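Q: There's a structure below that I have some questions on.
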Amino acid sequence: MIWETIYGREELVRTLQEAIRLDKVAHAYLFYGPAGIGKKTIAQAFATALNCLDGQKGCGACLSCRRAAAQIHPDIHQIEPEGKTIKIDQVRRLKKYAYLKPRESRYQIFILRQADTLTTEAANSLLKVLEEPPAGSLFLLLAENLSALLPTIRSRCQEFAVGRLDKQSMAEFLRRQGRISDEQLAGIMVWAEGIPGRALELADSQARQQLYQEAVLYLKELAEGKGISSLAAKLAEAEDLTAVIDAMILVLRDLLISPAAGKNPEILAGNETILLTQLTEKWNRSACLAAIPVLLKLQTDMQNSINIRLALEKVFWDLKEVYTCANSCGNSL
């Protein structure tokens, strides 16, 4: 079954399966969440099931399912940014196909990856087809930053937030990959923070170390109060913003527990004792305890319609204030 490729999303899967079973499939869906969370996997499974020849169950074995898995299905179209954006010409091509009947299956399905990168012209053009959708055409939009999508586009989609995996589902996902040892599992899960795609990216310890070093650098800059506005602008453009914020939280966590680590350094997320020592002089216990909730709230806010650039700048000024206030109290780690 194609649905087995989705881990830990029981309620979402049931909702989509029920829509198929009751023949109440909407013409447009929006799946949103951080990069690597599994939006593409969900959309692909849904599209495959919709055109499955075995009663739309997503059997994984029929000709339609096999073609979908190989991404050569003539009625399932993938649209992704050309460069940094999805452009008007791409949407025009999409619309030409959307008004044609499906070649082989029940639906023509258009999966728009990174739909939040639609240019203004492309978004307005897409809106017209969403307002009066052709019979037999479905649109699956995937996005990270909801604030970048037109409210009118969102209003014509059924929205589903794709949250982080729980520990059990993440462990099952990693074990099924077959290339991660039990020894690596615990460390990767700490870093992955419930995001499957990130778990695979950070299976390499060198990648984890690089991200950790980057997070340490940002915390040092915040403590020194250097270029907060420019730092916010830089991070707002980062492809791995969610991973960087998570890494900053892990560094602060390491600062809190490092005095108790002693001869068990494996409990730390990073193996960067020299870097931690440098930060210990800047981020005391009170500052760490106050900063972590600020960053956790930012993680939540990033799932909603916010201006990422402005949100980051506000959070960084808040962290600077937290740092200054905590250090004036002289509470050391």
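The values are calculated or read from the model by the stated rules, or taken from the named source; none is laboratory data. Just so it is clear, the structure is predicted and the values come from calculations on it, not from any experiment. Cβ atoms come from the backbone with ideal geometry, glycine included; neighbour counts cover every protein chain shown.
Q: So, in region 131-150, of the ones that are surrounded by 20 or more Cβ atoms within 10 Å (Cβ to Cβ) and more than 22 Å from Leu241 (Cβ to Cβ), which residue ends up farthest from the chain's Cα centre (by Cα)?
A: The residue in question is Ser137.
Q: Checking the structure you have, find out if any residue of region 52-59 is touching a helix residue (DSSP H, G or I) at 6+ places or on another chain (Cβ under 8 Å), within 30 Å of Ala243 (Cβ to Cβ) and not aliphatic (A, V, I, L, M).
A: Checking region 52-59: not a single residue is touching a helix residue (DSSP H, G or I) at 6+ places or on another chain (Cβ under 8 Å), within 30 Å of Ala243 (Cβ to Cβ) and not aliphatic (A, V, I, L, M).
Q: Go through region 151-164 residue by residue and tally those that are at pLDDT 90 or above and either under 16 Å from the mean Cα position of the chain (by Cα) or basic (Lys, Arg) (or both).
A: Here is the first cut: in region 151-164, the ones at pLDDT 90 or above are 151-162.
Adding the requirement that they be either under 16 Å from the mean Cα position of the chain (by Cα) or basic (Lys, Arg) (or both) leaves 154, 156, 159-162.
Summing the residues that are at pLDDT 90 or above and either under 16 Å from the mean Cα position of the chain (by Cα) or basic (Lys, Arg) (or both) in region 151-164 gives 6.
Q: Still on this structure, I have one more. Does Tyr218 satisfy being closer than 24 Å to Ala326 by Cβ, surrounded by 16 or more Cβ atoms within 10 Å (Cβ to Cβ) and without any contact (Cβ under 8 Å) to a residue 40 or more places away in the chain? Outline the logic, then answer.
A: Numbers: closer than 24 Å to Ala326 by Cβ: yes; surrounded by 16 or more Cβ atoms within 10 Å (Cβ to Cβ): yes; without any contact (Cβ under 8 Å) to a residue 40 or more places away in the chain: yes.
Answer is yes for this residue.
Q: For the structure I just gave you, tell me whether Ser169 is part of a helix (DSSP H, G or I), of a type in the set (S, T, N, Q) and in contact with a Lys or Arg (Cβ under 9 Å, 6 or more places away or on another chain). Spell out the reasoning first.
A: Working: part of a helix (DSSP H, G or I): yes; of a type in the set (S, T, N, Q): yes; in contact with a Lys or Arg (Cβ under 9 Å, 6 or more places away or on another chain): yes.
Criteria met by Ser169.
Q: Here is a follow-up. Return yes or no: is Glu131 in the same structural domain as Pro74 (by TED's automatic domain parsing), under 28 Å from Pro34 (Cα atoms) and touching a residue at least 12 places away in the same chain (Cβ under 8 Å)?
A: Values: in the same structural domain as Pro74 (by TED's automatic domain parsing): yes; under 28 Å from Pro34 (Cα atoms): yes; touching a residue at least 12 places away in the same chain (Cβ under 8 Å): yes.
Considered against the rule, which asks whether it is in the same structural domain as Pro74 (by TED's automatic domain parsing), under 28 Å from Pro34 (Cα atoms) and touching a residue at least 12 places away in the same chain (Cβ under 8 Å), Glu131 comes out as yes.
Q: Also: Answer with yes or no whether Ser230 is surrounded by fewer than 17 Cβ atoms within 10 Å (Cβ to Cβ), hydroxyl-bearing (Ser, Thr, Tyr) and either in contact (Cβ under 8 Å) with a residue 40 or more places away in the chain or in a helix (DSSP H, G or I) (or both). Lay out the reasoning, then the answer.
A: Details: surrounded by fewer than 17 Cβ atoms within 10 Å (Cβ to Cβ): yes; hydroxyl-bearing (Ser, Thr, Tyr): yes; either in contact (Cβ under 8 Å) with a residue 40 or more places away in the chain or in a helix (DSSP H, G or I) (or both): yes.
So Ser230 passes the test.
Q: Please work out which one of (1) touching an Asp or Glu at 6+ places or on another chain (Cβ under 7 Å); (2) in contact (Cβ under 8 Å) with a residue 60 or more places away in the chain; (3) crowded, with 16+ Cβ neighbours inside 10 Å is the condition Glu193 fails and give its number.
A: Of (1) touching an Asp or Glu at 6+ places or on another chain (Cβ under 7 Å); (2) in contact (Cβ under 8 Å) with a residue 60 or more places away in the chain; (3) crowded, with 16+ Cβ neighbours inside 10 Å, only one is false for Glu193: (2).
Q: Are any of the residues in region 109-116 at positive phi, surrounded by 12 or more Cβ atoms within 10 Å (Cβ to Cβ) and of a type outside the set (D, E, K, R)?
A: Keep residues of region 109-116 that are at positive phi, which gives 114.
Then keep just the ones that are surrounded by 12 or more Cβ atoms within 10 Å (Cβ to Cβ); that gives 114.
Filter again for of a type outside the set (D, E, K, R), leaving 114.
Yes - at least one qualifying residue is present in region 109-116.
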